Every structure is written in C-alpha cells, then in structure tokens.
Amino acid sequence: MDGCEAGAGVLKAMSPGVVDFLFRRLVAGEPAEDIQWSREGTALAVQPPGAELARRLSETDLDALTPAELFHYVRAAQRLAAWAESLREAAVGRYCAAPPAAPGGATASA
C-alpha cells in the first residue's frame with residue numbers, strides 16, 4: 001500500500017462532522033486540535049473513573065470527535081470498564097465469602 005492509499009484510509013475513517021470541524025478550524029487559522037474541550041473542565045485523559053466519567057462518555061457525540069479526541073475517549077472508556085470490573089469482582093468476592101442465610105433470614109452458624 002502506498003502513501004496515497006494510507007491517507008485515503010484515514011480520511012475515509014473520519015466522519016463528516018470531524019472533517020467539517022477540521023476544515024472550519026483550518027480556515028479560521030486555528031490548530032486542528034479542539035482546545036475548547038480541555039477548557040470545559042477535566043480532560044477525559046485524567047478524569048477519574050466513576051459516575052462522572054460514565055456520564056461524560058455517554059453524552060459525547062462520537063461523530064464530532066477528532067482522531068486524537070477519539071483516542072482519549074477510547075482510553076477513558078477502557079479505564080471506566082476496568083474500574084467497573086473491579087467493582088464487580090469485589091462484589092462477587094463478598095457474595096462468595098458470605099455465609100449462607102438460614103431460613104427466616106438469620107445467618108447459619110457452625
């Protein structure tokens with residue numbers, strides 16, 4: 001594959017929203033990176049996993065993200081998934097370690 005085909009693949013992967021965003025930025029003489037997103041609060045790259053990160057990810061318009069932002073979005077989603085998995089593992093461990101409940105709601109004793 002030559003350089004032209006590789007470049008066409010990148011452009012093909014970019015949504016119309018991203019292409020429009022980049023074009024408007026370049027015409028305005030601004031960098032192709034969205035610096036406004038970082039001005040709006042904690043960057044996704046450093047947002048701690050939890051409810052706020054889940055909210056931000058769920059409310060993000062993926063078609064409007066630049067390739068760099070999409071990379072950070074995916075990394076943040078991976079961090080959130082790992083955090084949720086650790087919560088699940090802790091709950092399963094607690095469930096499996098709990099003594100079985102006796103009839104009537106009391107715990108069984110040896």
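Residues of region 51-105 being outside any helix (DSSP H, G or I) and closer than 30 Å to Val19 by Cβ, which ones? Outline the logic, then answer.
As a first pass, look at region 51-105 and keep what is outside any helix (DSSP H, G or I): 59-61, 65-66, 98-105.
Those that are outside any helix (DSSP H, G or I) and closer than 30 Å to Val19 by Cβ: Glu59, Thr60, Asp61, Leu65, Thr66.
So which of Glu5, Glu33 is modelled with pLDDT under 70, assigned to a helix (DSSP H, G or I) and of a type in the set (Asp, Glu)?
Values: Glu33 fails: assigned to a helix (DSSP H, G or I).
Sole residue among the options that is modelled with pLDDT under 70, assigned to a helix (DSSP H, G or I) and of a type in the set (Asp, Glu): Glu5.
From the set of residues in region 38-79 that are surrounded by 13 or more Cβ atoms within 10 Å (Cβ to Cβ) and of a type in the set (S, T, N, Q), which is modelled with the lowest pLDDT?
Residue satisfying both the conditions and the ranking: Ser38.
The values are calculated or read from the model by the stated rules, or taken from the named source; none is laboratory data. Computed from a predicted model, the values in this text were never measured in an experiment. Here the Cβ is made from the backbone with ideal geometry for all residues, glycine too, and neighbour counts use every protein chain on show.
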